[in-house]
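The values are calculated or read from the model by the stated rules, or taken from the named source; none is laboratory data. In this text the structure is predicted, and so the values were computed from the model without any measurement. So basically every Cβ, Gly included, is an ideal-geometry build from the backbone, and we count neighbours across all protein chains shown. The area values use the complete protein model at the heavy-atom level, side chains included, leaving out ligands, DNA and RNA. Shrake-Rupley method; radii C 1.70, N 1.55, O 1.52, S 1.80 Å.
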Amino acid sequence: MGEIRRLSAEDLFARAALTAFGPIAWGAALPTIDSGVYVICTADQNIDISGFTEDLRTRWVPGQSIVYIGRAKVLRNRLQQFYRHKFGAKSPHRGGQSILQLNVPLQVYWSVADDYAAAEHRLIEGFRSEFGIVPFGNRIKSARF
């Protein structure tokens, strides 16, 4: 078995030339209403995925804590929508809903960015270049901007 590679949220932000803030616990309000990007991570990197569907298991990166990358015109509002989302619902935040099946504590990191679509693209592509796939909760190859 090969060595498990790990990429921290701080390192991912640095690679994308963004300043990382956080983490805050899942459910906590972000202290900013700026536009920007956010990265959701698990606090535990050893997660049992045996109960996941085949589709979810193929998207899992063993030992990796980064599970979703997103963007928002108003970071605080978008995260509040995500916190309220129920798995399977179409709103208020359908993107990334697979992370709601993780039964572990989650953390949120963020960065302020006026061009949040380009910043999200850099983060997703940075993750993809390291692991060959997008984070577990992301279903797109890169942001549309």
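So here's what we get for this one:
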item: Peptides ranked, highest mean first, by Cβ atoms within 10 Å: ranges 123-134, 62-73; result: 62-73, 123-134
item: Heavy-atom accessible surface of the chain: percent carbon and sulfur, 1.4 Å; result: 48
item: All-pairs Cα distance distribution in segment 93-136, expressed in whole percent, bin size 10 Å; result: 21, 45, 32, 1
item: Label point distance in nm, Val112-Gln45, each placed 7 Å from Cα along Cα→Cβ; result: 3.1
item: Residues Trp60 and Ala17, FRET efficiency given R0 of 30 Å [Cβ-Cβ distance, rounded to 0.05]; result: 0.60
item: Electrostatic dipole magnitude of the chain [Cβ: Lys, Arg +1; Asp, Glu -1; Cα centre; debye, to 20]; result: 560
item: Mean Cβ count within 10 Å, highest first, over the residues of peptides 42-48, 22-28; result: 22-28, 42-48
item: Shape of segment 33-83, Cα gyration tensor, a/c cut at 1.5; result: prolate
item: Average Cα contact separation per residue, the chain, under 8 Å, 6 or more apart, as relative contact order %; result: 34
item: Charge-dipole axis of the chain as Lys and Arg at +1 and Asp and Glu at -1 on Cβ define it, positive-most pick from His85, Phe13, Ala113; result: His85
item: Listed residues Ile99, Asn46, Trp60: farthest to the positive end of the dipole of the chain (Cβ charges); result: Ile99
item: Kirkwood-type radius of the chain, with distances r between different C-alpha atoms, in Å; result: 15.2
item: Where the chain is the region considered: accessible area per residue in Å², 1.4 Å probe; result: 52
